[in-house]
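> Shown below is the structure under consideration.
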There are 4 protein chains.
Amino acid sequence: MCRFLAYSGRAIFLDTLLIAPNASLVRQSLAAREAKTVVNGDGCGVGWYGARPEPGLYKGILPAWSDANLASLCHQVEAGLFLAHVRSATSGEVTMANCHPFASGRHLFMHNGQIGGYESIRRSIEALIPDDLYHSRRGNSDSEAMFLAAMGGSMSQDPAGAIAAMLRTCRRIQQANGVAQPLRFTAILSDGKALHAFRWSSDDHPPSLYWCQLETGIAVASEPFGDTAQLWRPVAPGTHMVVIDGKVDCRDFEVFASLAA
Amino acid sequence: MCRFLAYSGRAIFLDTLLIAPNASLVRQSLAAREAKTVVNGDGCGVGWYGARPEPGLYKGILPAWSDANLASLCHQVEAGLFLAHVRSATSGEVTMANCHPFASGRHLFMHNGQIGGYESIRRSIEALIPDDLYHSRRGNSDSEAMFLAAMGGSMSQDPAGAIAAMLRTCRRIQQANGVAQPLRFTAILSDGKALHAFRWSSDDHPPSLYWCQLETGIAVASEPFGDTAQLWRPVAPGTHMVVIDGKVDCRDFEVFASLAA
Amino acid sequence: MCRFLAYSGRAIFLDTLLIAPNASLVRQSLAAREAKTVVNGDGCGVGWYGARPEPGLYKGILPAWSDANLASLCHQVEAGLFLAHVRSATSGEVTMANCHPFASGRHLFMHNGQIGGYESIRRSIEALIPDDLYHSRRGNSDSEAMFLAAMGGSMSQDPAGAIAAMLRTCRRIQQANGVAQPLRFTAILSDGKALHAFRWSSDDHPPSLYWCQLETGIAVASEPFGDTAQLWRPVAPGTHMVVIDGKVDCRDFEVFASLAA
Amino acid sequence: MCRFLAYSGRAIFLDTLLIAPNASLVRQSLAAREAKTVVNGDGCGVGWYGARPEPGLYKGILPAWSDANLASLCHQVEAGLFLAHVRSATSGEVTMANCHPFASGRHLFMHNGQIGGYESIRRSIEALIPDDLYHSRRGNSDSEAMFLAAMGGSMSQDPAGAIAAMLRTCRRIQQANGVAQPLRFTAILSDGKALHAFRWSSDDHPPSLYWCQLETGIAVASEPFGDTAQLWRPVAPGTHMVVIDGKVDCRDFEVFASLAA
């Protein structure tokens, strides 16, 4: 179970959200040291949109709580759109190549959940990655494979459609191979303009997702953090949430249309 | 609060104790992931005595649970005398230079506890390191400084005396600088023949220490692990325990003789 | 262009060959600092056979010249059969998962050379990896893919046949995709008993390979090292060399039988 | 022999100077792979001034040529004042704590050269670090010690005076301990407003230093890079160069006044 956070709004220093608040993302990894929660010590990453067309990307294999580069970067960099992730490895080793977020061109992606039975169907999942992106597959995690697979679809015009099509195919591969475990997918995607958040699972337990209206913008995260005064709202299972220009739009996210998964 | 383990006995594969048992050292770091205990994810290290006069030494900054080199090494190496440590940083950064055990010539040393107020008296503590060892100071932790300081004493003839003298001086430096926090010292020292274990604190809370007679030898550890059938005995506060040739000898360890600390 | 070394003979400390000699493997990486040769600073690895059925394996991403763990391990470990490698990345990033040697069960493998045009045909090369080994693909290098692909063949009974079949298929994939660059393959393979060395290329430039009768056994390496008194003999292109029980047997290694590549 | 670069001028993306040019700093480390020059593969670092009072700082232990975080950061971050360094270790191990630049409050510092005989006089050099900065000593290099020692002087009002006083004392410590090797000091210091460059040695061989008027500002570097059309001017030995507001001012830098070193 990883933890992540994304922000869209007025440009703020990254540490405003990632380090300073009570129960911030880095404190969520830290918290583990006092044994209050699960450890997310298998690396961390942050991606942000600045003056370049492509996002900036920092990844490290140390636990977030002891990564001095992460702390300095988050103290220094301001952005109006960023994604951050602390990892608890489920598939794929602890290497920088397996740290989220993943980048491809203008896009950033990070994921919480997993493809059940991935070890046994990894080859078929990787077969979904389009030829022109296959060389950019760096690690061996299910999350990176799902992202690159979706990038082969209609990502620019219809991100939710591209994600849904990818999930549909992944689910069918699970079923064709007799995998009983679920496909769980709570994820954030961005093209540098909009934030797309997804909360979906083939069973009834999609990983949690919340959002909050801050003074400067909108935060979306695995779990609430910061002042108790802030109102964090859960995102319902089966939702595609779009954050753009300070507005939040929640839509039904149907992977199998009206058919059962 | 770090965790450590030392073994003296017939040669066994290191993973017999370090990885295989229930609640083994590596599982103690892993356990944190299920939030059952405190995390020790700030690096790990193992030292062992083999065919060379100097011990072998492996240190890594990754959490023990995700260190493939550590797993392979412990699976492959057999030794009759070894020390292993998983770190939860209290002083000094997460770098290999701050990982235990520390080596100097034939000696290995690892420590659980801390010099209260170390940040403010570090210079005076480091002044205790003898000239001929000062260049071998690699990190910035209190533990390494204590070890090198003690190495300047009567380590070969009277290890307990050398350790006690070092602790006495450290305590006096604390007092001279108005440090209210205690000096806590639970530690293992070896010259490749004997294992010396110490449990001492300037207050009433020395970090825990246990020992156990296994089939193949004697284990000393921060906390019991393995089968419940095994009888782990606590080492009393104020003890210097010597393990050599399969025998355990516990003696009073007095840092301030009959004087109060 | 990587550099490697393998040894088969009486058990010796690894540093006897890897660190001590003039122009040893670690010095070959060091040498770069004096700019006498090409740098191999993209990680290192060593695999050795000990008391376990599987080999021990250590890999690091630091240059060999600054890896304290490598130095300590090589000083401490004795083995009668070992492989070591310093990397200069040609395909695949600098991560531990891309460091040689690669292990699968009892087998160790390391490679110098490359599949020309690998970036564009990677998917087809990876398709050669058998289902039951696909999950063990950790990195994204051509070398690891070739090893796992060959492991799916007749590796136990006919290692040279398994390697030749794999190379044949890789070459055909290159040709089918219009790749003009060559397939170069100088490699060492072991099952813990025999050392198999291969020197082959689809053009006339297979990476160099030498062997030498030492006092204690046979060394095979990318380039000669040690005393000038030692006689290093080049291994001819198109050769499969087997080292077992102190004997060296060189055979023709034909990938395309009597047909042209 | 390390290599470094500093820039003061209009805000530019860091990779404009650090990565893009012919013979850029990262290419200078890369160049080693073609064996054209000495390798600087023992880590790298970059510090820059942005919207915060303290500079941003990134350090890594991988060679600059394989550090993906460094590349992304330099592509993304714009600054009007920055310092960058690739290291070839002379004293102190390859750890992040020994990578340049070093930071203390608003100040950044990087150094090329060394205190001859440092291993034997390290304790005396470290004794120069003022009490209130001693806890911030992270590594074990001579460069960091010199910086912290100078920070205890008149750094805010008279940086050149503080540096000269520190060098004078270091040189006297060398002499008092019978060290025959020289004290070499080519360095860059900044408080976020001015760049101070120093080129000095106790013998006739201070490490090289050049500066160049670019279109956007002033670059100071260990060696020229970029278009041959650009005019790089050597900085004379015994010089203190100040770059501020687009102007370069070179002054005599006398460590021992009119007395011989």
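> Determine, from the Cβ-Cβ distance of C:Arg172 and A:Ala180 and an R0 of 45 Å, the FRET efficiency 1/(1 + (r/R0)^6), rounded to the nearest 0.05.
On the way: r = 39 Å, r/R0 = 0.86.
Rounded to the nearest 0.05, the efficiency is 0.70.
> Other chains' Cβ within 10 Å of C:64-70 residues: what's the mean?
Details: counts 0, 5, 8, 1, 8, 10, 2.
That works out to 5 on average.
> Further question on the same structure: Relative contact order (percent) for chain C, with alpha-carbon contacts under 8 angstrom and 6 or more residues of separation?
Details: 585 pairs, mean separation 52.0, N = 261.
Worked out over chain C, it gives 20 percent.
> Report the closest approach of any chain A C-beta to the axis of the A-to-C rotation: residue and distance, in whole angstrom.
In residue-and-Å form, the answer is A:Thr95, 2.
> Could I ask something else about it? I need the inter-copy label distances for A:Ser104: point set 7 Å along Cα to C-beta, values in nm with one decimal, smallest first.
Distances to the matching label points in the other copies: 2.7, 4.9, 5.5 nm.
> Moving on. Quick one: order C:Glu54, A:Glu126 from most to least accessible surface, probe 1.4 Å.
On the way: C:Glu54 70, A:Glu126 5 Å².
Result, largest first: C:Glu54, A:Glu126.
> Two-decimal Rg/Rh of the range C:72-151 from alpha-carbon positions, Kirkwood Rh? Each step should come with its number before you reach the end.
Numbers: Rg = 13.6 Å, Rh = 13.6 Å.
Over the Cα atoms of the range C:72-151, Rg/Rh equals 1.00.
> If you average 1/r across every pair of different Cα atoms in the protein assembly as shown and take the reciprocal, what Kirkwood value do you get, in Å? Spell out each step's value before the answer.
Details: mean 1/r = 0.0326 Å⁻¹.
Its Kirkwood hydrodynamic radius stands at 30.6 Å.
> Moving on. Distance in nm between label sites at C:Glu78 and C:Asp203, each 7 Å beyond Cα in the beta-carbon direction?
Going from the C:Glu78 label point to the C:Asp203 one covers 4.6 nm.
> Looking at chain C as a GNM with Cα springs under 10 Å, which of C:Leu83, C:Leu73, C:Leu167 has the largest mean-square fluctuation?
Maximum fluctuation in the GNM of chain C, among the listed residues, is at C:Leu73.
> Provide the solvent-accessible area of C:Asp67, counting protein heavy atoms only and rolling a 1.4 Å probe, rounded to the nearest 10 Å².
Roll a 1.4 Å probe over it and C:Asp67 shows about 10 Å².
> For the pair A and D, how large is the buried accessible area, both sides, in square angstrom to the nearest 100, if the probe is 1.4 Å? If you can, show how the numbers build up before the last one.
Numbers: alone 11690 and 11680 Å², together 21730 Å².
Result for this pair: about 1600 Å² buried.
> Okay, next question. Taking the label point as lying 7 angstrom from Cα along the Cα-to-Cβ axis, what are the distances from B:Asp131 to the corresponding position in the remaining copies, in ascending order and in nanometres?
2.6, 7.3, 7.3
> Looking only at C:Ser66, C:Ser24, C:Ser201, which one moves most when chain C is put into a Gaussian network model with springs between Cα atoms under 10 Å?
Top of the fluctuation ranking is C:Ser66.
> Suppose all protein chains stay in the model; what accessible area per residue would a 1.4 Å probe give for the protein assembly as shown, in Å²? Mind showing how you got there, number by number?
On the way: 38110 Å² over 1044 residues.
Result: 37 Å² of accessible area for each residue.
> Based on the Cβ-Cβ distance of D:Ser154 and A:Arg233, what FRET efficiency does E = 1/(1 + (r/R0)^6) give at R0 = 51 Å, to the nearest 0.05?
Values: r = 56 Å, r/R0 = 1.10.
Given R0 = 51 Å and the Cβ-Cβ separation, E is 0.35.
> Which one of C:Leu133, C:Leu209, C:Leu189 has the biggest mean-square fluctuation once chain C is modelled by GNM with Cα springs under 10 Å?
In the Gaussian network model the winner is C:Leu133.
> In nm, what does the list of distances from B:Glu254 to its counterparts in the other copies look like, shortest first, when each label sits 7 Å along Cα to Cβ?
Computed spacing set for this position: 6.4, 8.4, 8.7 nm.
> Name all residues of the range C:146-179 having a backbone nitrogen under 20 Å from the label point set 7 Å from the Cα of C:Lys247 along its Cα→Cβ direction, giving them as ranges.
C:157-161
> If we restrict to alpha carbons, what Rg and Dmax does the range A:3-257 come to, in Å?
Over the range A:3-257's Cα set, Rg and Dmax evaluate to 16.9, 49 Å.
> Any of B:Lys59/D:Lys59; B:Lys247/C:Lys193; A:Lys59/A:Lys193; A:Lys59/D:Lys247 with alpha carbons more than 29 Å apart? Name them for me. Intermediate results must be reported in sequence, preceding the final value.
On the way: B:Lys59/D:Lys59 21 Å; B:Lys247/C:Lys193 40 Å; A:Lys59/A:Lys193 22 Å; A:Lys59/D:Lys247 38 Å.
With Cα atoms farther than 29 Å apart: B:Lys247/C:Lys193; A:Lys59/D:Lys247.
> Sticking with this structure for a sec: Per the 1.4 Å probe, what fraction of the accessible area of the range D:98-254, in percent, lies on carbon and sulfur atoms? Show your work: numbers first, answer last.
Numbers: 2810 of 6160 Å².
That share works out to 46 percent.
The values are calculated or read from the model by the stated rules, or taken from the named source; none is laboratory data. Small disclaimer: the values here were computed from a predicted structure and weren't measured. Methodologically, a virtual Cβ is constructed for each residue, glycine included, from the backbone with ideal geometry; neighbour enumeration extends over all protein chains shown. The area values use the complete protein model at the heavy-atom level, side chains included, leaving out ligands, DNA and RNA. Shrake-Rupley method; radii C 1.70, N 1.55, O 1.52, S 1.80 Å.
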